[in-house]
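This report refers to the structure that appears directly beneath it.
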Amino acid sequence: MTTNLNNLLSTVSPKIGRLLDKALNDTEISEADGLVLFGAQGVDLLALAATANEMRRRQVGDRVTFVKVRNINFTNVCYTACTFCEFGRRLKADEAYTFSPEEVVEQAVEAWNWGCTEICMQGGLNPKLGGDIYLRLLKAVKKELPDIHIHAYSPFEIQHASHVLKQSPETVLRELKAAGLGSVPGTAAEILDIEVRQKLTKNKLSAEAWVDIIKTAHRVGLPSTATIMYGHVDAPHHWAAHIALIRDIQRETGGFTEFVPLGFIHQNTKLYADGSSRPGPTGMENLKMHAIARLMLGHDIANIQVSWVKMGLPMAQMILNAGANDFGGTLINERISKMAGATTGEYMPPEEFERVILDMGRIPAERNTLYDIIHEGARHYDPSRPNTIRPFKPI
């Protein structure tokens with residue numbers, strides 16, 4: 001532990017200092033402890049961030065990882081009408097779209113040729129596509145690109161397929177895995193709390209169903225991410241409980257590859273327009289979320305990701321010095337956050353990832369979906385030619 005951190009810890013309040021000492025001594029931070037830490041302010045908050053950064057250094061070192069990935073949101077037609085989401089459209093809306101399997105394959109091939117190791121496929125619940133759409137898209141892409149990793153289909157999509165096909169989620173997941181599905185996004189979690197979910201949407205899968213489908217995915221050999229979407233109608237006690245539940249699941253299944261906090265993007269959503277929510281998390285809440293996630297989860301889920309789409313690059317850099325170690329993906333064609341009002345873009349060049357990681361004095365590393373390192377060090381960005389970050393114009 002550095003002298004600077006020791007000096008900082010000597011100035012904190014007793015209740016926060018006791019908890020940070022627990023973390024530094026590898027003692028579990030409980031749900032109740034996490035709730036206390038969410039109240040940190042001033043020097044206590046600085047010490048929380050510094051402690052999380054020290055634990056990040058111990059647990060995963062100084063690499064900051066990223067992955068080359070293309071998002072393929074194959075349809076925005078969705079019947080659920082979640083008030084926090086501006087992505088979904090009714091079937092006959094002017095902005096509604098649905099890609100054919102051939103169009104999805106075309107985008108996947110372009111991504112592979114550019115150097116992506118992963119495509120992430122998710123979409124709205126389009127009642128016209130049938131329950132077999134997920135298998136058909138998977139087979140079409142795998143036929144053309146047998147070696148690409150397909151990270152696809154949230155627990156909500158799996159539940160939808162299960163209902164339409166009248167098959168169990170396990171049957172659906174096993175069939176998708178046999179066809180080449182590599183991993184599952186742990187999205188649609190939002191906050192795993194009954195009251196919060198009722199305020200966000202009454203038509204989405206329950207917290208119990210999300211947990212059951214995620215555990216089933218892990219049991220059949222499909223790893224997943226874990227997420228939280230915060231800063232709307234929720235509060236710190238919901239956050240601490242959610243993180244503790246994610247930890248419990250990980251200790252049972254070992255199937256989570258990473259934890260991804262996702263701040264609520266409020267600008268274009270009905271939830272915010274109706275006056276029902278806050279305007280997303282504050283910067284300090286973003287910092288606390290990632291730092292406390294590191295302290296509560298780091299021994300069980302080593303990788304804490306920061307979403308540059310949600311936070312923007314400057315805030316993401318700060319969070320990477322407060323417990324996070326992963327920058328996420330290039331996200332070519334990111335649409336969901338953009339439709340909600342995010343202004344940070346749909347794509348991040350690898351050169352830009354490397355530039356901001358080097359600026360932090362850390363080590364850039366390109367990874368695959370499962371956190372195997374493909375290349376360590378800057379191979380895209382040349383500090384002697386800082387104006388050579390190349391644009392990319394996808395389909």
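Just so you know, all these numbers are worked out from the coordinates, no wet-lab data involved. All figures in this text were calculated on a predicted structure; none of them were measured in a lab. All Cβ positions, glycine included, derive from the backbone under ideal geometry; neighbour counts span all protein chains shown.
Helix 236-253: angle to the longest alpha-carbon principal axis of the chain, degrees 0 to 90, nearest 10?
Rounded to the nearest ten degrees, it is 70.
Can you give the local net charge around ILE191? Use residues other than it whose beta-carbon is closer than 10 angstrom to its beta-carbon, Lys and Arg +1, Asp and Glu -1. Provide the component values of the computation, followed by the final result.
Values: positive: ARG197, LYS199; negative: GLU190, ASP193, GLU195, ASP234.
Here the charged neighbours net out to -2.
By the scheme Lys and Arg +1, Asp and Glu -1, what is the net charge of all other residues having a beta-carbon under 10 Å from that of ASP62? Intermediate results must be reported in sequence, preceding the final value.
Working: positive: ARG56, ARG57, ARG63, ARG362; negative: none.
Once positives and negatives cancel, what remains is +4.
For a label point 7 angstrom out from the Cα of VAL109 toward its Cβ, which stretches of the range 315-331 have the backbone nitrogen within less than 13 Å?
none
Kindly provide log₁₀ I(q)/I(0) values, in the same order as q = 0.11, 0.13, 0.20, 0.23 Å⁻¹, from the Debye equation applied to equal alpha-carbon scatterers of the range 210-324.
-0.37, -0.51, -1.07, -1.25
Ranked from highest to lowest mean number of other Cβ atoms within 10 Å per residue, what is the order of the peptides 39-46, 169-176? Numbers along the way, then the final one.
On the way: 39-46: 16.2, 169-176: 20.9.
Descending mean neighbour count gives 169-176, 39-46.
Report, to the nearest 10°, how far helix 207-219 tilts away from the longest principal axis of the Cα atoms in the chain, using its own Cα long axis and a range of 0 to 90°.
The helix 207-219 is inclined about 80 degrees to the chain.
I'd like to compare 110-118, 59-67: which one has the highest average count of other Cβ atoms within 10 Å, and what's the full order after that? Present the calculation step by step, with values, prior to reporting the outcome.
Values: 110-118: 17.6, 59-67: 19.3.
In decreasing order of mean packing, 110-118, 59-67 become 59-67, 110-118.
Quick one, what does Rg over Rh come out to for the range 59-206 if you take C-alpha atoms and the Kirkwood Rh?
Using only Cα positions, Rg/Rh for the range 59-206 is 0.98.
All other residues with a Cβ under 10 Å from the Cβ of HIS266 taken together, and with Lys, Arg as +1 and Asp, Glu as -1, what is their net charge?
Values: positive: ARG278; negative: GLU86.
Here the charged neighbours net out to 0.
Taking R0 as 45 Å, what's the FRET efficiency between ASP372 and HIS163 from their Cβ-Cβ distance, rounded to 0.05?
Working: r = 35 Å, r/R0 = 0.78.
With a Förster radius of 45 Å, E is 0.80.
Which number do you get for Rg(Cα) / (2.2 N^0.38 Å) in the range 3-57?
Details: Rg = 10.1 Å, N = 55, 2.2 N^0.38 = 10.1 Å.
So the Cα radius of gyration is 1.00 times the expected 2.2 N^0.38 Å.
So how tilted is helix 14-24 from the main axis of the chain? Cα-based, degrees 0 to 90, rounded to 10.
Between helix and principal axis, roughly 60 degrees.
By count of other Cβ within 10 Å, fewest leading, how are ARG367, ARG385, ARG136, ARG362 ordered?
Numbers: ARG367 22, ARG385 9, ARG136 14, ARG362 18.
Ascending Cβ contact count within 10 Å gives the list ARG385, ARG136, ARG362, ARG367.
Which FRET efficiency value, to the nearest 0.05, is calculated for GLU102 and GLU170 with the Förster distance at 35 angstrom and r the Cβ-Cβ distance?
On the way: r = 30 Å, r/R0 = 0.87.
It comes out at approximately 0.70.
Please give the length that would be gained between ASN25 and ASP359 if that part of the chain were fully extended, namely 0.36 nm times their separation in residues minus their C-alpha to C-alpha distance (nm, one decimal). Before the final figure, lay out the partial values.
Numbers: separation 334, 0.36 × 334 = 120.24 nm, distance 3.02 nm.
Full extension of this stretch gives 117.2 nm more.
Projected onto the charge dipole of the chain (+1 at Lys/Arg Cβ, -1 at Asp/Glu Cβ, origin at the Cα centre), which of GLY61, ALA316, ALA111 gives the Cα projection farthest towards the positive end?
ALA111
Where the eigenvalues come from the Cα gyration tensor of the chain, what are the semi-axes √(5λ) of the equivalent ellipsoid, largest first, in whole Å?
Working: eigenvalues 215, 124, 79 Å².
Here the semi-axes work out to 33, 25, 20 Å.
Ordered by packing density, taken as the mean number of other Cβ atoms within 10 Å over each peptide's residues, highest first, how do 350-358, 193-201 rank?
Details: 350-358: 21.1, 193-201: 16.2.
The densest-packed peptide leads the list: 350-358, 193-201.
Please give the Cα centre distance for the range 282-327 versus the range 109-182, rounded to the nearest Å.
29
Which whole-Hz ³J(HN,Hα) couplings does the range 157-170 yield from phi under the Karplus relation 6.51 cos²θ - 1.76 cosθ + 1.60, θ = phi - 60°, glycine and proline marked x?
Each residue of the range 157-170 in turn: 5, 5, 4, 4, 4, 4, 5, 5, 7, 6, 10, 6, x, 5 Hz.
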